[in-house]
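Comments concern the structure below.
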Amino acid sequence: MRDTLIGTMRHIIVILFCLVFTSAFAQDEAPMRPTAPVNERPPIDYYKIISAQRDTTYVDTTLNIQKNYKFNYLRRDNFELMPFANVGQTYNALAVNFNATNLKPLFVAQSHHYNYNEINDIDYYNVPTPWTRLYFKTAFEQGQQLDSFFTVNTSEQFNFSLQYKGVRSLGNYQQSLTSTGNFTFTTNYYTKNNRYRIKAHLSAQDILNRENGGLNENSLQLFIADDSEFSDRGRLDVNFEDAENKLEGLRFYGQHEYDLIKKNDSTSVNSLTIENSIWYEDKFFEYRQINPYTPYGESYKASGLLTTTKLEDFNVNAGVRYENDVLGKMGAFAQYTNFNFGYNSVIVLNDSRIPNRIKGDILQAGGSYEKEYRGFALKGKAAINVAGDFDGNYIQASAGYALDDNNKASVGINIHSVAPNFNFLLYQNDYVNYNWKTELNNVKTQELRFDLQSKKIANVSVSYTGIDDFAYFGITSNDSTPTPQQFGTRVDYLKIKAEREINWRMFALMNTVMYQNVVSGAEVFNVPQLITRQSLYYKGEWFKKALNLEMGVGFKYFTKYNMNAYDPVLAEFYVQNEQELGGFPLVDIFFNAKIKQTRIFFTWEHFNQLFSTTNEYFSAPGYPFRDAAIRFGLVWDFFL
């Protein structure tokens, strides 16, 4: 693997060096951004954030309720997720989204990927002066969260950024320590005439979780009864105290493009761009445990269990984009993928042979199209595996229309066919029950979606999804631990979400409601029927507008349902239909303020737990949700 990585890096360096050298073709001067008066910071919209999809926004230092929702470990709204007790642990999904476009299986331990930055999660920057952002938030018992970010343009054309997000938290329950780190380096450059553009990033990530298997049966009863002698959660016994799993990933990514025909040339209404991307990613997942846990079944070792799962993934993509004032924007691409997933040894189990590798090549082809036509925004993209070891395809299409300045509507379809994730197809572990090699069909989804954005009514999204050959982990009558399963009939899933903020003078009520109905396949597709969140708060400006203030109360609730269970060996959730959980309110009290470029957050989380006579709040069977806790944090922006 090391030789492969070194060889790949050498190829990337040679290619990038040659391409940067060819930028000598560009000689025309690009228009300069307006300059700010001396000793004044440039306007905030000069500090640009460019997404992997080329969408450009700018730095937002305002204080609003959405900032409160995103002030968490993931740095995004977690309305559809149920966190575990300790920060840095996994989340139980309360709803399911079907917007993925992967054409090969995903890696193992998907429950640990919530905090894993994929290629499309990486942003690039262009700033007139250096910008630093610091994020801090307290954790639970001997720990904290920190996210530090810095970016600078050494010239108007060249930018780089550095970011490190780290979490370490001991947790309130035994053997629940978390330690995670996400390091990202990005850079981007364009020539003076902006014909040639290049961007690249390096991402190194590790996510460590000590595992305890949840509370044992006796401790569960003590927890539910709210026994005062066990208000110190560290006194509750867990199923085991000697296991941990770890996900690590290292990725090198580079992308560059060149305008053969530039649209803003005085003689051209067309643009023609060629582009190329290349990336290599190395992932591994490790599960280790000192002594076997009897309910997981027999093990190959009497002690010192250790299994490592690896994936090496190399990709090259080449494409062309064409834009015309009449025809619209269109693109086409071809992509080559080489993958190598598996383990170091072959296992012979019950006279059957479980191989150690799934490796091969895939050749993909695809295209995209965008057009504004008579007020309609038309978009579409599609791709297919034309050759290789896995079949797969997707089609996404949408049409949007602005009814007026306050109302926009769109409809869309998503069709996707892809093989189940790698750990459904091949898995090995020192526990005998956790070894398999399967032959499963592609999971095929068809989604129809409607979205309405209305300032006067609400933001509403409605989706209806059909799933054929749905793949899931479950426990059958013949098994004591989860194994990969495939549902033989169709799953049909309806999801409706509405969001609206009501303002009255200096008070506001933010409402988010989601209704879900599994029309068919409810025995394998577990989601609550209703999720609701309300935030009632005061907002105002004090001390001659030197202080912006928001304070209020937040409420979240979801109905009881057969909540999926968590398996630490797989680091995956599995379907269970024996225990209904949920149906409990989560009430937070928050006090947020902004002084200049600093936003300060105080939250009394799960405040209502202090008044409960019994404890019925769980993140998964056997895993209680966190108790009431006061947490503090801030986001601080520096502009030099």
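The values are calculated or read from the model by the stated rules, or taken from the named source; none is laboratory data. Owing to the predicted nature of the structure, the values given are computational and were not obtained by experimental measurement. Heads up, the Cβs are rebuilt from the backbone with ideal geometry, glycines too, and the neighbour counts pull from every protein chain shown. Please note that ligands, DNA and RNA were not included when accessible areas were found on the heavy atoms of the full protein model with its side chains. Shrake-Rupley method; radii C 1.70, N 1.55, O 1.52, S 1.80 Å.
Which of the residues that make up the stretch 604-628 are among the hydroxyl-bearing types (Ser, Thr, Tyr) and either open to solvent by 30 Å² or more (accessible area, probe 1.4 Å) or touching a Gly at 6+ places or on another chain (Cβ under 8 Å) (or both)? Within the stretch 604-628, 612, 613, 614, 623 meet the criteria.
Restricting the search to strands (runs of 3 or more DSSP E) fully inside the stretch 478-557 and requiring at least 3 residues that are without any contact (Cβ under 8 Å) to a residue 60 or more places away in the chain and open to solvent by 40 Å² or more (accessible area, probe 1.4 Å) gives 491-504, 507-520, 530-542. Scanning the stretch 343-367 for residues being more than 30 Å from the chain's Cα centre (by Cα), open to solvent by 80 Å² or more (accessible area, probe 1.4 Å) and under 23 Å from residue 420 (Cβ atoms) gives a total of 2. Quick one: would you say residue 587 is open to solvent by 10 Å² or more (accessible area, probe 1.4 Å) and touching a His at 6+ places or on another chain (Cβ under 8 Å)? When the stated conditions are applied, residue 587 passes them.
Against the test of being assigned to a strand (DSSP E or B), crowded, with 17+ Cβ neighbours inside 10 Å and more than 20 Å from the chain's Cα centre (by Cα), the options 188, 182, 172, 209 yield a single qualifying residue, 188.
Here is a check on your reading of the model: is residue 475 under 30 Å from residue 432 (Cα atoms) and β-branched (Val, Ile, Thr)? Answer is yes for this residue. Within the stretch 368-394, being in a strand (DSSP E or B), over 23 Å from residue 105 (Cα atoms) and either open to solvent by 90 Å² or more (accessible area, probe 1.4 Å) or of a type in the set (Phe, Trp, Tyr) (or both) holds for 369, 372, 373, 376, 379. Here the stretch 144-155 is the region considered, the condition is being open to solvent by 20 Å² or more (accessible area, probe 1.4 Å) and under 30 Å from residue 242 (Cβ atoms), and the residue that is modelled with the highest pLDDT is 146. Within the stretch 222-238, residues that are under 13 Å from residue 627 (Cβ atoms) and at pLDDT 90 or above sit with their Cβ atoms under 6 Å from residues that are surrounded by 14 or more Cβ atoms within 10 Å (Cβ to Cβ) and of a type in the set (A, V, I, L, M), at 6+ positions apart or across chains, in these pairs: 230/222; 230/236; 236/215. Tally up the residues in the stretch 111-127 that are more than 22 Å from residue 166 (Cβ to Cβ) and open to solvent by 40 Å² or more (accessible area, probe 1.4 Å), please. So the answer is 1. A single member of 158, 136 is hydrophobic (A, V, I, L, M, F, W, C) and either within 23 Å of residue 258 (Cα to Cα) or open to solvent by less than 40 Å² (accessible area, probe 1.4 Å) (or both), and it is 158.
For the stretch 298-325, filtered to residues that are touching a residue at least 40 places away in the same chain (Cβ under 8 Å) and out of contact with any strand residue (DSSP E or B) (no Cβ under 6 Å at 6 or more places or on another chain), the residue that is farthest from residue 250 (Cα to Cα) is 325. Kindly indicate whether residue 336 is in contact with a Gly (Cβ under 7 Å, 6 or more places away or on another chain), open to solvent by 40 Å² or more (accessible area, probe 1.4 Å), closer than 21 Å to residue 386 by Cα and at pLDDT 95 or above. When the stated conditions are applied, residue 336 does not pass them.
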